[in-house]
Structures are given as structure tokens and as C-alpha cells.
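The values are calculated or read from the model by the stated rules, or taken from the named source; none is laboratory data. Everything numeric in this text was worked out from a predicted model, so none of it was measured. With ideal geometry, Cβ positions are generated from the backbone for all residues, glycine too; neighbour counts draw on all protein chains shown.
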Amino acid sequence: MMFAVSRPLWVGRARSAIGADWLEAAIAPASECGRRRRASEPLYRPGEERAAHAAIVRTAQAARRVNERTLNALRHVVSDAPDPRGLIARARAGDVLADVDLFELLRFLEAVLEVRASATDHAFEEIGLPPDPQRLWSVLAPGRTPARTFYLSDSFDEELALLRADAAWRRIASDAARSRLFERVARYAGIEQVRDGEFILLRERIHGPLPPALRVLREAPTYLLCDVPLDEEALAALTVLDTVNRSVAECEERVRARLTAQVRENAGMLEAALEALGALDSFIARVRFAQTYATCVPEIVDRPLLRFEGARYLPLDASLAEHGRAYVPISLQLDGVGVITGPNMGGKTTALRTCGFLATCLAYGVPVPAKAASLSLFDEIAWVGAGSELESGPLLSAFGAEITEMRGFFERGPSRALLLIDEFACTTAPREGRALLIALLERLRGLDACVFAATRFENIAQDGGASHFAISGLREPFLGDAGTLDLESALARIASVMDYRVVRIDEQSAHTADAIGLAQALGLDREVVERSLKLL
């Protein structure tokens, strides 16, 4: 069982930097009840390894067993179901529900019945199906009309049926009395027809005195505006009809009150069904994620570790796919403090983001996008580096923001953290920035944390006592005459010759001309490039 943790998992810019927002959108439930359920589901933290693993296994098993068509059909039913929370609260408070309210409840009950009939696979057993609403549905079902509305049909109540039949006859009697009155007035006035309500009588058509039953409202030189008040017979028939109609309305309200009482008695069942639909919606969203992307069930360890093979940072993977470019999965093992080096545009930042993204998947209890993985849960994921000043406001420089972020990290003292450091101190004096980063890594080695730092400073891993990883880099040290290519073609050319794999090395790699080659690929002046090579 998970317990709510008040402190957020992501600190500062980490949430956006590692794609947590993207992941949340990818596993977002389709319904309001699903979104409420998701908001109440705490993320997995250290100490909840078994629960996180069980949740991921359930998701992966369902992804294998339940076909996509069934999942999409269930998701559609749940998302289309109305939310009866307000109606349940009103029924409990003693309000009598209107016909439109009863119709919404009936729609909800039918959605629950459809879900129960469709979610028959054992993969949904541990999630739990909503309780059977058949009894309450049977109570409300007589009101279902072919036009998908709700009507208090006569079958709800015998007295209601008798009163409605009486009202129908009384309406016929009232209409007949009114018709006889109008016929007499028309005959006396010498006109063909008298309509109900106000009407105009032309003077040229009047022969003799007006009948007493005809009332003149306004006179004009050529016409009279008249109406016909009801006589005793018509008025008596109308009075009886009104009395019966009031009896019908009172009986209908009693029927609604009785139906509302049934809703009130079943409020617990309705709330349990709503909660179950929310849990199912949240689960389906995770299962669809596992089906959409090549994922695996990771081993979850109880010490700081990130080890994965063929892992993909899905936000970038999706973006590259839109441009017809392939994504190169990466593999690494980070146990404690590590440093990654390599050329610009080689994927150092993406390697950091991949670590954070997989850790976020684990916290949400979803399979991770990798061929295999061994991961640990964290109670904090922090990002320090490029963009930190955006979180700190305009008063601090990039370097000042980074120092502030690191100060905050040490002050918080998370019990187990994933700290991702992107080009720390790259905007200050290189000699001092390098010294600060080495000292920082030495300090971080003593914490219960995974720390991964991308840097262009030399010999950081060796002097800081950290594992050293590197992007393999350009397969061709010099790209030739690429300056005539447009930007899209240049990027495609770089992607074709760049080896994005992450390798672990024991010693600091030698200088390469990757930066100069990339500069030429992006169209920098050829003479500048050639001069740069000579200077190097």
C-alpha cells in the first residue's frame, strides 16, 4: 500500500527537463473520474519496491493479454459515462431528482453494466470491477425512451396510470365544452369560425347584435378585437381538468421522490462504482502506454542504481519519428556518481534525461521503455544546469542559479535522490568551474544517491572519483564539404555519422575534432573551419 508524500518528487526544472509532463500526458486517463483517481494515487517512493513491482507486472500482463480493441472500447465507455457525484450528493441531502437527473444516472448505470460485461479478462481482476448495479438499473429502466431520454412512464405507478387516463378524458371533455361554446358564438355572430384567444371580427360581417358570450376588447372603424370568455360549462370542465392535472403532477413528484429514495439507498454502490471506473480508467491508460511503446518490467532494487539496456527517451523518440529520423537507444550502468562527456549534439543531455525519464516511469508504476533494466526508487529527482535560471527568476545568472540549486539540494538532504547535472559551471571561469565540479562530485559520493553529470571539462571523472561515460561521437572525424547543405539536410548528415551510444571508459579520452566537424556540417565558413583544425 502507498502512502501520500507531501514533498514533490521533482525539484526545480527536473519535471520538464526529464519529460515528466510528457509521460503524464501519455498515461492520462480519459474520464473525469479517472483523472480524480490519478490525482489521488501517490507516486512510489523508496520502501515501496514490492508494491511498485507488482503494479508494473499487472500492467505488463494486461498489455500482453488484452487486445487493443478491447482496451479502446472500455476507455470509450468510461470516458462517455456521466459523472453522478453531484446527483448522489443531492439525493443524500434530500432533494428530489428531476427526470434529466434520473436519465443521467441511468446512463451511468448502463456504462457500468457495459464495463462489467466487457472487462471479463482476468487481467482486470486485481484492479476490481465496479459493483453490479442491476437492481437500481431495473428500478430506473422503465423510464428509458427510444429517443434516449427519460420519462416517468405509467409502469412506475398504478395510481399514476389511472390519474393520467382520467386526465386524458377530462381534457377531451374540456375541449368539447370549449368547442360547443365557440360554435354557438360563431353561429350568433354569423361568422364561420371563432378561434381560442383574441381574434378580429370585421364590422361588415356583423349582422345584428353581438352575442352576450362575445367580449369586445377594442373597437376600430372597420373591426372589433374580441375574445370569448369561458361559459359555466367550459369553465367547470377546465376546473375539473386542472384539478386532475395537479393530482397527476403530485403523483409524478411522489414517484420521483420514491425513485430518489432508491438512489439514496444505493449511494454507496454508486460511489463504489464511480471509484472503480476511475481505477479502471487509470489502469487502462497505463496498459495502453505499455502496448504503444516497447517496454519491459524492470528489476527494482533497494539501493541507488540505474542500469538499463536499449533504453529510449520517449519524448525525443517521438519528435524524431515526426521528422522521419531514427532514435538510437542507449545502455549504461550508473551506480553512485558518474560523469558523461562527448561532443556537442552527441546526446549527453539526452542520456541524463533518459535516466530521469526511466526513474519517473518507475515512480508512476508503469513498464519502462528499455530492453532490460534494474532501477531504484527515489524520493527526489533534481536537475541542475541549463535552464536553472528560468526557475530562479531574473535576479540570478545561470551560474548563480546552479549554485542556488545545489545549495537547496544539500539543505533538503533527500534520503535517496537522483541528481542530474547538465554542464555545471560552464558559464563561469573554466578553471574555477572545473574545481567546483570536482569538489561537488567528491561531496556527492558520500550520499545515498545516483548522480550523473554531463560536462565538457577535462579529467573530471578521474579527479572527482566518478565513473566515466562518454558518447561515442562522430564515426568520421571530419565531415568534408558539408557547408552547402540546408539545415535539415545537415542535421540528417550529422545523425548519419554520429554514434550516440554511451560507453564506459577507464581513462580520459583524447581530444577530438567533433566540434569543428559539427560546425562545418552546420554551415560555418570553410576557411574558419580549416583554420580551427590547424590551431587545434
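Say whether the condition of being modelled with pLDDT under 90, farther than 22 Å from Trp383 by Cβ, assigned to a loop (DSSP other than H, G, I, E, B) and of a type in the set (S, T, N, Q) is met by at least one residue in the range 424-436.
Looking through the range 424-436, none of the residues is modelled with pLDDT under 90, farther than 22 Å from Trp383 by Cβ, assigned to a loop (DSSP other than H, G, I, E, B) and of a type in the set (S, T, N, Q).
Looking at Val194, Val185, can you tell me which residue is among the β-branched types (Val, Ile, Thr) and in a helix (DSSP H, G or I)?
Working: Val194 fails: in a helix (DSSP H, G or I).
Only one candidate passes the filter, namely Val185.
Within the range 335-352, restricting attention to residues that are within 19 Å of Ala466 (Cα to Cα) and part of a helix (DSSP H, G or I), which residue is farthest from the chain's Cα centre (by Cα)? Write out each step before concluding.
So in the range 335-352, the residues within 19 Å of Ala466 (Cα to Cα) come out as 335-342, 348-349, 351-352.
Pick out the ones that are also part of a helix (DSSP H, G or I) and you get 348-349, 351-352.
On the way: Lys348: 31, Thr349: 28, Ala351: 27, Leu352: 26 Å.
Among residues in the range 335-352 that are within 19 Å of Ala466 (Cα to Cα) and part of a helix (DSSP H, G or I), the one farthest from the chain's Cα centre (by Cα) is Lys348.
Mind telling me which of the residues Phe478, Phe452 ends up being at pLDDT below 90 and either surrounded by 19 or more Cβ atoms within 10 Å (Cβ to Cβ) or assigned to a loop (DSSP other than H, G, I, E, B) (or both)?
On the way: Phe452 fails: at pLDDT below 90.
Being at pLDDT below 90 and either surrounded by 19 or more Cβ atoms within 10 Å (Cβ to Cβ) or assigned to a loop (DSSP other than H, G, I, E, B) (or both) holds for just one of Phe478, Phe452, which is Phe478.
Look at the range 319-334 and say how many of its residues are outside any strand (DSSP E or B), within 19 Å of Cys296 (Cα to Cα) and in contact (Cβ under 8 Å) with a residue 40 or more places away in the chain. Write out each step before concluding.
Step one: list which residues in the range 319-334 are outside any strand (DSSP E or B), which gives 319-329.
The next check asks that each one be within 19 Å of Cys296 (Cα to Cα); those that pass are 327-329.
If we keep only those that are in contact (Cβ under 8 Å) with a residue 40 or more places away in the chain too, we end up with 328-329.
Count: 2.
Can you tell me which residue in the range 33-49 is modelled with the highest pLDDT, limited to those that are of a type in the set (Asp, Glu) and not in a helix (DSSP H, G or I)?
The initial filter retains those residues of the range 33-49 that are of a type in the set (Asp, Glu), namely 41, 48-49.
Subset that is not in a helix (DSSP H, G or I): 41, 48.
Values: Glu41: 90, Glu48: 96.
The extreme case among them is Glu48.
Kindly indicate which of Glu309, Glu253, Glu275 is under 30 Å from Thr59 (Cβ atoms) and either in a helix (DSSP H, G or I) or of a type in the set (Lys, Arg) (or both). Give the steps one after another, and end with the answer.
Numbers: Glu309 fails: either in a helix (DSSP H, G or I) or of a type in the set (Lys, Arg) (or both); Glu253 fails: under 30 Å from Thr59 (Cβ atoms).
One residue alone meets the criteria, Glu275.
Out of Leu140, Leu97, report the one residue that is assigned to a helix (DSSP H, G or I) and in contact with a helix residue (DSSP H, G or I) (Cβ under 7 Å, 6 or more places away or on another chain). Talk me through it step by step, then tell me what you get.
On the way: Leu97 fails: assigned to a helix (DSSP H, G or I).
Residue meeting the stated conditions: Leu140.
Looking at the range 112-149 only, could you name the residues that are surrounded by 14 or more Cβ atoms within 10 Å (Cβ to Cβ), among the hydrophobic types (A, V, I, L, M, F, W, C) and either within 31 Å of the chain's Cα centre (by Cα) or more than 25 Å from Arg258 (Cα to Cα) (or both)?
Result: Val112, Leu113, Val115, Ala119, Ala123, Phe124, Ile127, Leu129, Leu136, Trp137.
Out of all the residues in the range 353-375, which are over 15 Å from Ile27 (Cα atoms) and either assigned by TED's automatic domain parsing to the domain that holds Tyr44 or assigned to a loop (DSSP other than H, G, I, E, B) (or both)?
Of everything in the range 353-375, those that are over 15 Å from Ile27 (Cα atoms) and either assigned by TED's automatic domain parsing to the domain that holds Tyr44 or assigned to a loop (DSSP other than H, G, I, E, B) (or both) turn out to be Ala370, Lys371.
Has the range 19-41 got at least one residue that is more than 16 Å from the chain's Cα centre (by Cα), of a type in the set (A, V, I, L, M, F, W, C) and buried (at least 18 other Cβ atoms within 10 Å of the Cβ)? Even if it seems obvious, please write down each step before you answer.
Of the range 19-41, the ones more than 16 Å from the chain's Cα centre (by Cα) are none.
So far as the range 19-41 goes, no, none of its residues is more than 16 Å from the chain's Cα centre (by Cα), of a type in the set (A, V, I, L, M, F, W, C) and buried (at least 18 other Cβ atoms within 10 Å of the Cβ).
When you go through Leu396, Leu420, Leu436 one by one, which is the residue that is crowded, with 23+ Cβ neighbours inside 10 Å and of a type outside the set (Lys, Arg)? Step through it out loud before you land on a result.
Numbers: Leu396 fails: crowded, with 23+ Cβ neighbours inside 10 Å; Leu436 fails: crowded, with 23+ Cβ neighbours inside 10 Å.
Checking each option against the conditions leaves just Leu420.
Restrict the check to the range 376-391 and report whether at least one residue is farther than 28 Å from Gln462 by Cβ, touching a Cys at 6+ places or on another chain (Cβ under 8 Å), crowded, with 23+ Cβ neighbours inside 10 Å and touching a residue at least 24 places away in the same chain (Cβ under 8 Å).
Looking through the range 376-391, none of the residues is farther than 28 Å from Gln462 by Cβ, touching a Cys at 6+ places or on another chain (Cβ under 8 Å), crowded, with 23+ Cβ neighbours inside 10 Å and touching a residue at least 24 places away in the same chain (Cβ under 8 Å).
Which one is modelled with the highest pLDDT, of the residues in the range 376-417 that are over 15 Å from Ala17 (Cα atoms) and of a type in the set (Asp, Glu)?
Checking each candidate, the answer is Asp379.
Within the range 104-122, can one find any residue that is acidic (Asp, Glu) and under 27 Å from Ala54 (Cα atoms)? Step through it out loud before you land on a result.
Going through the range 104-122, the residues acidic (Asp, Glu) turn out to be 104, 110, 114, 121.
Now restrict to residues that are under 27 Å from Ala54 (Cα atoms): 121.
Among the residues of the range 104-122, at least one is acidic (Asp, Glu) and under 27 Å from Ala54 (Cα atoms), which makes the answer yes.
Go through Leu109, Leu201, Leu163 for me and flag whichever is in contact with a strand residue (DSSP E or B) (Cβ under 8 Å, 6 or more places away or on another chain) and surrounded by 15 or more Cβ atoms within 10 Å (Cβ to Cβ).
Numbers: Leu109 fails: in contact with a strand residue (DSSP E or B) (Cβ under 8 Å, 6 or more places away or on another chain); Leu163 fails: in contact with a strand residue (DSSP E or B) (Cβ under 8 Å, 6 or more places away or on another chain).
When all the criteria are applied, what remains is Leu201.
Confirm whether Glu275 is within 31 Å of the chain's Cα centre (by Cα), assigned by TED's automatic domain parsing to the domain that holds Leu334 and either over 21 Å from Arg38 (Cα atoms) or surrounded by fewer than 21 Cβ atoms within 10 Å (Cβ to Cβ) (or both). Break it down stepwise before answering.
Numbers: within 31 Å of the chain's Cα centre (by Cα): yes; assigned by TED's automatic domain parsing to the domain that holds Leu334: no; either over 21 Å from Arg38 (Cα atoms) or surrounded by fewer than 21 Cβ atoms within 10 Å (Cβ to Cβ) (or both): yes.
Spelling it out, it is not the case that Glu275 is within 31 Å of the chain's Cα centre (by Cα), assigned by TED's automatic domain parsing to the domain that holds Leu334 and either over 21 Å from Arg38 (Cα atoms) or surrounded by fewer than 21 Cβ atoms within 10 Å (Cβ to Cβ) (or both).
In this structure, does Ala123 turn out to be aliphatic (A, V, I, L, M), part of a helix (DSSP H, G or I) and out of contact with any helix residue (DSSP H, G or I) (no Cβ under 7 Å at 6 or more places or on another chain)?
Details: aliphatic (A, V, I, L, M): yes; part of a helix (DSSP H, G or I): yes; out of contact with any helix residue (DSSP H, G or I) (no Cβ under 7 Å at 6 or more places or on another chain): no.
No: the conditions fail for Ala123.
Give the residue that is nearest to the chain's Cα centre (by Cα), with candidates limited to residues of the range 282-306 that are within 22 Å of Ala28 (Cα to Cα) and in a loop (DSSP other than H, G, I, E, B).
Let us first name the residues in the range 282-306 that are within 22 Å of Ala28 (Cα to Cα), namely 282-298.
Going one step further and asking which of them are in a loop (DSSP other than H, G, I, E, B), we end up with 293-295, 297-298.
Values: Tyr293: 18, Ala294: 22, Thr295: 21, Val297: 24, Pro298: 25 Å.
Applying the filter and picking the extreme gives Tyr293.
What's the total number of residues in the range 312-328 that are closer than 17 Å to Val502 by Cα and surrounded by fewer than 13 Cβ atoms within 10 Å (Cβ to Cβ)?
Of the residues in that region, 1 qualify.
Would you check if Ala52 is touching a strand residue (DSSP E or B) at 6+ places or on another chain (Cβ under 7 Å) and in a helix (DSSP H, G or I)? Let's see the steps before the verdict.
Values: touching a strand residue (DSSP E or B) at 6+ places or on another chain (Cβ under 7 Å): yes; in a helix (DSSP H, G or I): yes.
Here the answer is yes, as Ala52 does meet what is asked.
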